[in-house]
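Note sheet for the following structure.
The values are calculated or read from the model by the stated rules, or taken from the named source; none is laboratory data. The model shown is predicted, which means the values in this text are computed figures rather than measured ones. FYI the Cβ positions are ideal-geometry reconstructions off the backbone, even for glycines, and counts take in every protein chain you see. Each accessible area value is taken on the protein alone, full model and side chains, heavy atoms only, with ligands, DNA and RNA left out. Shrake-Rupley method; radii C 1.70, N 1.55, O 1.52, S 1.80 Å.
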Amino acid sequence: MTTPTKFAIRRATPGDIPALEALIEQSVRKLQANDYTTAQIDASIGSAFGVDRQLLADQTYFVATPLDDPGTLIACGGWSYRRTLYGSDQHTERNAAQLDPATDFAKIRAIFVHPAWSRRGLGTLVLAHCEAAASAAGFTRFEMGSTLTGVPLYKLKGYAEHSRVDVPLPNGEALEVVVMEKRI
């Protein structure tokens with residue numbers, strides 16, 4: 001009988017960037033292959049999907065690790081008090097303006113799980129951590145740009161679809177993203 005692995009969550013640091021880039025790419029290539037084409041995935045890595053250093057600077061991006069192996073990043077995700085809803089540093093549609101917790105939605109951002117660690121509750125764990133951190137900052141409403149792959153989980157966690165957008169990719173393709181909202 002094996003004991004379930006327990007997880008720790010900590011703030012991401014600039015030193016985590018290489019591991020985050022690898023984790024995000026592995027997650028996208030494996031876990032989103034049923035919802036997006038290879039051309040969409042290839043073009044999305046580093047643009048629509050990737051590290052947003054603003055979240056690290058704001059200290060609102062987190063990593064999950066196994067308790068028994070704190071050097072291994074197995075999931076990541078964050079929230080933001082800025083207007084940008086999705087995308088890496090390279091994504092062209094960025095807006096660093098700050099949000100007002102009294103009137104705006106906190107942005108839930110870039111939740112990814114390593115494929116070898118999927119289906120173990122890590123997405124839920126990271127999402128709950130992000131929601132709690134945003135709530136502690138005064139937000140009572142959350143918004144995210146979900147991949148098609150993430151929609152079922154987020155619906156289970158109380159998010160509702162608001163709209164869909166086609167995110168332009170560098171190769172001329174577009175990536176369908178579902179804008180979802182939740183109020184607490």
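For P66, neighbours were defined as the other residues whose beta-carbon sits under 11 Å from its Cβ, and their charges (Lys and Arg +1, Asp and Glu -1) total 0. Summing Lys and Arg as +1 and Asp and Glu as -1 over all other residues whose Cβ lies under 13 Å from the Cβ of F112 gives a net charge of -1. Charges were assigned to the Cβ only: +1 to each Lys and Arg, -1 to each Asp and Glu. The resulting dipole of segment 46-173 about its Cα centre is roughly 220 debye. Taking E25, E143, E173 as the candidate residues, the one with maximal mean-square fluctuation in a Gaussian network model of the chain, Cα springs under 10 Å, is E173.
Looking at the chain, the accessible area is 49 square angstrom per residue; that uses a 1.4 Å probe and ignores ligands, DNA and RNA. Among residues other than V51 with Cβ under 10 Å from its Cβ, the summed charge is -3 (Lys and Arg +1, Asp and Glu -1).
Here the gap between H162 and T13, fully extended at 0.36 nm per residue and compared with their Cα-Cα distance, gives a gain of 50.4 nm. Relative contact order of the chain: 22 percent, from C-alpha pairs under 8 Å at least 6 residues apart in sequence.
In a GNM of the chain with a 10 Å cut-off on Cα contacts, which of R82, R11, R120 has the highest mean-square fluctuation? Checking each option, the largest mean-square fluctuation is seen for R120. Overall dimensions of segment 90-184, expressed as equivalent-ellipsoid semi-axes from the Cα gyration tensor (√(5λ), whole Å, largest first), are 21, 19, 13. Candidates T140, P14, Y86 compared by Cα position along the dipole of the chain: farthest toward the positive end lies T140, with charges placed on Cβ. For the chain, pairs of C-alpha atoms spaced more than 22 angstrom apart make up 41 percent of the total. Under a 5 Å amide H cut-off, with hydrogens placed 1.01 Å from N, E176 pairs with V167 among residues at least 5 apart or on other chains.
Top mean-square fluctuation among T147, T124, T38, Gaussian network model of the chain, C-alpha springs under 10 Å? Judging by the Gaussian network model, the answer is T38. 3J(HN,Hα) along segment 13-30: 10, x, x, 7, 3, x, 5, 5, 4, 5, 4, 4, 4, 5, 4, 5, 4, 8 Hz, from the Karplus curve 6.51 cos²θ - 1.76 cosθ + 1.60 with θ = phi - 60°, whole Hz, x for Gly and Pro. Surface composition of the chain: carbon plus sulfur atoms hold 51% of the accessible area, using a 1.4 angstrom probe and ignoring ligands, DNA and RNA.
Extension gain for D58-R94 works out to 11.5 nm (0.36 nm per residue, less the C-alpha to C-alpha distance).
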